[in-house]
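The values are calculated or read from the model by the stated rules, or taken from the named source; none is laboratory data. Everything numeric here is computed off the predicted structure, so don't read it as measured data. Quick reminder, even Gly has a Cβ in these numbers, built from the backbone with ideal geometry, and neighbours come from all protein chains shown. To get the accessible areas, we keep the full protein, side chains included, count just its heavy atoms, and leave off ligands, DNA and RNA. Shrake-Rupley method; radii C 1.70, N 1.55, O 1.52, S 1.80 Å.
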Amino acid sequence: MNILHLDTNHPLLINQLQQIGFKNDEDYTSSKEEIEQKIALYDGIIIRSRFKIDRSFLDAATNLKFIGRVGAGLENIDCEYAETKGIQLIAAPEGNRTAVAEHALGMLLNLMNKLSYVDREVRQGVWKREENRGIEIEGKTVGIIGYGTMGKAFAQRLKGFDCNVICYDIKPNVGNENAVQVSLQELQKQTDILSLHTPQTPETYHLINKQLINGFEKPFWFINTARGKSVNTNDLVEALKSGKIKGAGLDVLEYEKSSFENMFSDNELPKAFKYLITADNVLLSPHIAGWTLESKEKLAQIIVDKIKAKF
């Protein structure tokens, strides 16, 4: 089988596929249109997020048997159309669940203890203790929206904090020993800390909006390591200003382009983003929650293992 690699990944991916007899070609620079001209030569492709795999691409890929996505989400692929063509979709959410869970927890601890803020103060010679008391996770209720691979990994890491963990998901019976599944209304009633772990789908676009936020009975802390477009940033900023959201840890932003790079190439900063980058109760990172040295290797290994199992 001939495989075309469209993004750089851990070397083990190509090395191991080569060892079991796959032919591997690499093209990390050609445009989508240029790739379409030759994609019929390949049985499989390996991609991260370089460009969207849409109908025109899939129509050109007349011999394609699988798409390996080195990551968790499949939003850059027209999955339904690919499946009608018998193309197997292979993702690796197991590969970076630890990285995402630890990042989410790190953001939460940072926010509730003002770590980034007080670090800046001390560096400027300011030593305030009483004004910078933190808040403990113990005894709080953590609500998780989206209880799949990532949500479960986050809940597992909360076990040592002696807090109450609940989850909401559109799928029934996904709760486990680490989180009790509840209705959305019950989650809004109990939650002190909210963490989002949903995929990017039409249903999750602007899921976190003014109506949902105002439905929470208590002010809450908010962590998003999922997808930026699941949050209406204008509504989030409004909630931060009003105190309805006490603080936000955002690894993702709705302004991200599909490649997750060069968000503001036109040099225009959205008004809401200008607020986020100046707010003391907001912590930002550049979509790196699943981006660890270990996850790079795990993601590649899982893709290899799944390809071997199927082909």
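Quick notes
- Some residue of segment 177-193 being part of a helix (DSSP H, G or I), out of contact with any His (no Cβ under 9 Å at 6 or more places or on another chain), within 30 Å of E80 (Cα to Cα) and open to solvent by 60 Å² or more (accessible area, probe 1.4 Å): no
- Single match in E121, E83 (criterion: surrounded by fewer than 20 Cβ atoms within 10 Å (Cβ to Cβ), among the charged types (D, E, K, R) and at pLDDT below 95): E83
The rows are residues; the columns are (1) in contact (Cβ under 8 Å) with a residue 24 or more places away in the chain; (2) under 24 Å from A99 (Cα atoms).
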{"residue": "G160", "(1), (2)": "no, yes"}
{"residue": "V165", "(1), (2)": "yes, yes"}
{"residue": "E186", "(1), (2)": "no, no"}
{"residue": "L196", "(1), (2)": "yes, yes"}
{"residue": "P202", "(1), (2)": "no, no"}
{"residue": "L207", "(1), (2)": "yes, yes"}
{"residue": "I223", "(1), (2)": "yes, yes"}
{"residue": "K229", "(1), (2)": "yes, yes"}
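- Beta carbons closer than 7 Å, at least 6 apart along the sequence or on distinct chains, pair a first residue in segment 98-110 that is more than 12 Å from F222 (Cα to Cα) and in a helix (DSSP H, G or I) with a second that is open to solvent by 40 Å² or more (accessible area, probe 1.4 Å) and at pLDDT below 95 for A99/W291.
- Identification of helices (runs of 4 or more DSSP H) wholly contained in segment 2-97 with 2 or more residues that are over 27 Å from the mean Cα position of the chain (by Cα) and either within 27 Å of S295 (Cα to Cα) or among the polar types (S, T, N, Q) (or both) yields 11-19.
- Members of segment 214-233 found to be more than 20 Å from the chain's Cα centre (by Cα) and part of a helix (DSSP H, G or I), listed by number: N214
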